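Written out below as structure tokens is the structure these notes cover.
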Amino acid sequence: MLHLSEKPHFIYTCLMLLAWVSQYVSLGTGFELNHSLTYIWPLPHELTSGNETLTVNPTLSLSLIGKGGNFKILREGFRRYKRIIFKQSSGVSIFKNLRRIRSIYDISQMRIIVNSDSDELKLGVDESYTLFITKTGGKSTAWEAIIEVNTVYGALRGLETFSQLCAYDYTTKSVQLSKAPWYIKDKPRFAYRGLLLDTSRHYFPVGVIKSIIDSMSYAKLNVLHWHIIDEQSFPLEIPKYPKLWNGAYTKWERYTVEDASKIVRFAKTRGIHVMAEVDVPGHAKSWGVGYPDLWPSTSCREPLDVTKNFTFDLISGIFSDIRKIFPFELFHLGGDEVNIGCWNNTPHVKQWLKDNNMKPKDAYKYFVLKAQEIAISKNWTPVNWEETFNAFAGSLNPQTVVHNWLGPGVCPKAVAKGFKCIFSNSDVWYLDHLDVPWEQIYNAEPLEGIDNESKQKLVLGGEVCMWSEMVDTSNVQQTIWPRAAAAAERLWSTKTALSAGNDTVLHRLHYFRCLLQRRGVQAAPVTNYYARQPPVGPDSCYWQ
């Protein structure tokens, strides 16, 4: 379902030349930081700031208060952000006395108050936080940084914001925090803020997936939709049916159950859910490499054979095994692009259809609904691509979450019928479409066409999709970033905040792209005509 748009080479070359020239005409001496802007991505719900510049102690300590004060997730998160913030200021300079590097700091402690004793990560978990950077009471000139939250996951979001306020100053060789005092009260607009990663068209090593999860946390995305398998390969180990991963490309391009568990645990420490997808009945040709009986015939290798109990026994076995790995309550069953024509050309399937008084479209519905029943029996909420809704909305289980992708206007129809919906309009939120600029991604609105407030609540949020036909380890991060950040702000920040800061978006996105690069994320230039292309000429990171 994923096709790259192509443009004539001549037009592309001209556009690149114009972009290169315009940069030099407009920039002259290069990027200048606009101190009137708030360089936080995504924009917080509510904030106020001042005009003082503070220094932050590289030995910044953590004080935990409240019911959640002993959580390992929070302590590890603090250490992780401390490494990010002080990456350039660690160690003792031999020129310290000569350069007069200060040893007295304004902020030496981070105080985090956690009001909940639960670290359960469910959809809709409270991610709100309040961040204060203010002077301590009395006549003291000391400052303090305080994050108050209801859950550890809110604290992680607050730490991300605090880390973005901090910047290394090369003159003083210290970490500084500008525009203090700060008061930030923040929460996400949508509970579901996702990124799909396809590991079937190309395999991504576990370390690469972890790096993508890290980068997601910087933009406050919170769902990794792991499209693990597809017709091209079946890389995941299923203990009940060990031959399934014979459908992997090679014996090295596989995920063990331990690998998958590590990814889920790693994501949880970043406040990120992992939603697995097992796409049925189409996109499943790779399943039959290990179990050929799943193919209706050698000339009809997908959809899966709807006539056999073995097909559904195997699906139930897959679900049982991976349910032990994926605790997230949403589970994606696919259901898209099912080419049912060959069922009618396979003798035993054709006879089964006749015996059951079905046409192929009826068998498609039968298969999807049976898969939903199995998923629900495992205590999952089923998610299906929109084709299932378009074909037989009245038959879908009421719990179904409809996942939009074919274009606009689906979520309004889905919520009107009482279904929940996830927005991923492929016209604007498919990252493999390299000619979709960041502005179109940023301006896409998940609630478009939904005016009723009660219906708006049925839109869980949205996700950008990184299909991997033309993406692998060599270029995945620069294809995801920085355009995914545009969707991340749309999903986190209120429409009021976005409209108030709309004229600053490009400046802030450039800044965030460079922040990602400083953290080791291979984010591509913001404004190149095609995504993930390298710079077109020499210039600052902050305007490319």
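The values are calculated or read from the model by the stated rules, or taken from the named source; none is laboratory data. Since this is a predicted model, take the numbers as computed values, not measurements. Methodologically, a virtual Cβ is constructed for each residue, glycine included, from the backbone with ideal geometry; neighbour enumeration extends over all protein chains shown. The accessibility values were calculated without ligands, DNA or RNA, using every heavy atom of the protein model including side chains. Shrake-Rupley method; radii C 1.70, N 1.55, O 1.52, S 1.80 Å.
How high is the FRET efficiency from residue 183 to residue 451, r the C-beta distance, R0 41 Å, rounded to 0.05?
After rounding to 0.05, the efficiency reads 0.80.
Compute the distance in nm between two label points, each set 7 Å from the Cα along the Cα-to-Cβ direction, one at residue 34 and one at residue 310.
It is 6.5 nm.
Treating cross-link reach as a plain straight distance, find the lysines whose alpha-carbon is under 23 Å from the alpha-carbon of residue 457, omitting any fewer than eight places away in the same chain.
Residue 457 reaches 122, 185, 187, 220, 413, 417, 420, 495.
So for the pair residue 79, residue 443, with labels modelled 7 Å out along Cα→Cβ, what separation do we get in nm?
Reported label-point gap for residue 79 and residue 443 is 4.7 nm.
Got a number for the accessible area of residue 405? Probe 1.4 Å, square angstrom, nearest 10.
Surface accessible to solvent at residue 405 totals approximately 20 Å².
From the protein chains alone at 1.4 Å, what is the descending order of accessible area for 35, 510, 433, 202, largest first?
The ranking, largest first, comes out as 35, 202, 433, 510.
Using a cut-off of 27 Å between alpha-carbon atoms, which lysines can reach residue 243, once sequence neighbours fewer than 8 places away in the same chain are excluded?
Partners within reach: 210, 251, 262, 285, 308, 324, 370, 378.
All other residues with a Cβ under 12 Å from the Cβ of residue 151 taken together, and with Lys, Arg as +1 and Asp, Glu as -1, what is their net charge?
After counting each charged neighbour, the total is -2.
Residue separation times 0.36 nm, minus the C-alpha to C-alpha distance between residue 65 and residue 132: what's the value?
Result for the pair: 22.6 nm of gain on full extension.
Please turn the phi angles of region 417-429 into ³J(HN,Hα) values with the Karplus equation 6.51 cos²θ - 1.76 cosθ + 1.60 (θ = phi - 60°), one per residue in order, whole Hz, x for glycine and proline.
9, x, 8, 7, 9, 10, 8, 8, 3, 5, 5, 10, 10
So, taking all protein chains as they sit and a 1.4 Å probe, how much accessible area belongs to residue 161, in Å² rounded to tens?
0 Å²
Subtract the Cα-Cα distance of residue 351 and residue 266 from 0.36 nm times their separation in residues, and report this length gain in nm to one decimal.
25.7 nm
Just how far, in whole angstrom, is region 415-456 from region 227-287 if you go by their alpha carbon centroids?
27 Å
Give me the percent of DSSP beta bridges within the chain that run antiparallel, rounded to the nearest 5.
Once the DSSP bridges in the chain are tallied, antiparallel ones form about 35 percent.
With θ taken as phi - 60° and the coefficients 6.51, -1.76 and 1.60, list the Karplus ³J(HN,Hα) couplings across region 72-81 in order, rounded to whole Hz; mark glycine and proline as x.
Calculated HN-Hα couplings, in order: 4, 4, 6, 5, 5, x, 4, 4, 5, 6 Hz.
Ignoring ligands, DNA and RNA, how do 313, 119 rank by accessible area with a 1.4 Å probe, largest first?
Solvent-accessible surface, decreasing: 313, 119.
Rg and Dmax in Å for region 192-501, alpha carbons only: what are they?
19.1, 63
Could you order the peptides 226-233, 302-309 from most to least packed, using the average number of other C-beta atoms within 10 Å per residue?
226-233, 302-309
Give, as a single signed number, the net charge of other residues whose beta carbon lies under 15 Å from the beta carbon of residue 293, with Lys and Arg counted +1 and Asp and Glu -1.
+1
Under a straight-distance cross-link criterion of Cα-Cα below 17 Å, which lysines are reachable from residue 135, leaving out those fewer than 8 residues away in the same chain?
179
Rank 493, 49, 299 by accessible area, highest first, at a 1.4 Å probe radius?
Largest accessible area first, the list is 299, 49, 493.
Considering only protein heavy atoms, what per residue accessible area in square angstrom results for the chain with a 1.4 angstrom probe?
Heavy-atom accessible area per residue stands at 42 Å².
Using only Cα atoms and rounding to the nearest 10 degrees, what angle (0 to 90) does helix 152-165 make with the longest principal axis of the chain?
Once rounded, the angle reads 50 degrees.
For region 73-90, list residues with backbone N below 18 Å from a point placed 7 Å from the Cα of residue 210 toward its Cβ?
Only 73-84 pass the distance filter.
Which three extents, in angstrom, do the Cα atoms of the chain have along their principal axes, listed largest first?
Principal-axis extents of the chain (Cα, largest first): 87, 61, 50 Å.
Rounded to the nearest percent, how much of the accessible area of region 192-501 (1.4 Å probe, protein heavy atoms only) is carbon and sulfur?
49 percent
Among 179-188, 213-222, 534-543, what's the highest-first ranking by average C-beta atoms within 10 angstrom per residue?
213-222, 179-188, 534-543
Between beta-carbons, use under 10 Å as the cut-off and find the net charge around residue 255, counting Lys and Arg +1, Asp and Glu -1.
Summing Lys/Arg as +1 and Asp/Glu as -1 gives -2.
Using helices alone, what [θ] at 222 nm do you get for the chain, with -39,500 (n - 2.57) per DSSP H run of 4 or more residues, divided over all residues and rounded to the nearest 500?
-10000 deg cm²/dmol
Could you run the Karplus curve 6.51 cos²θ - 1.76 cosθ + 1.60 with θ = phi - 60° over region 46-55 and give me ³J(HN,Hα) per residue in whole Hz, x for Gly and Pro?
For region 46-55, the Karplus-derived couplings read 8, 7, 9, 9, x, 9, 9, 10, 10, 10 Hz, x marking Gly and Pro.
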